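Please read through the structure below; I'll follow up with questions.
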């Protein structure tokens, strides 16, 4: 999978469970992502997407994700 395709997917992924169920991953608060990291990422694709989103947020790159979101 290309990195570009992966970014489009993460831009349009919504949290499937928990306190922020239904929120786009890019809109999850950074402290929540840090908490999830400390708990252990969920397995599989979702865990990888959450880890990527934390990296994006820690580097203040969210502005690159918003244009990839489908309207």
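Every read-out reported here was derived from the displayed coordinates using simple, explicitly stated rules and does not represent laboratory data. Being a predicted model, the structure only gives us computed values, none of them experimental.
How high is the relative contact order of region 3-68? Use alpha-carbon pairs under 8 Å, at least six apart in sequence, and give a whole percent.
35
Moving to a separate point now. Given [x] 14.8, 51; [y] 12.2, 38; [z] 11.3, 33 as candidate values of Rg and Dmax of the Cα atoms in Å, which corresponds to the one derived from the coordinates?
Label of the calculated value: [z].
Please identify, among 25, 50, 61, the residue showing maximal mean-square fluctuation in a Gaussian network model of the chain using a 10 angstrom Cα cutoff.
Fluctuation is largest for 61.
Stretch residue 21-residue 64 to full length: gain in nm at 0.36 nm per residue minus the Cα-Cα span?
Result for the pair: 13.2 nm of gain on full extension.
To continue, here is another question. Pulled fully out, how much extra length does the chain show between residue 6 and residue 34, if you take 0.36 nm times their separation in residues and subtract their Cα-Cα distance?
8.0 nm
As a check on your grasp of the helix formula, calculate [θ] at 222 nm for the chain: sum -39500 (n - 2.57) over DSSP H runs of n ≥ 4, divide by the residue count, round to the nearest 500.
Dividing the helical sum by the residues of the chain leaves -16000 deg cm²/dmol.
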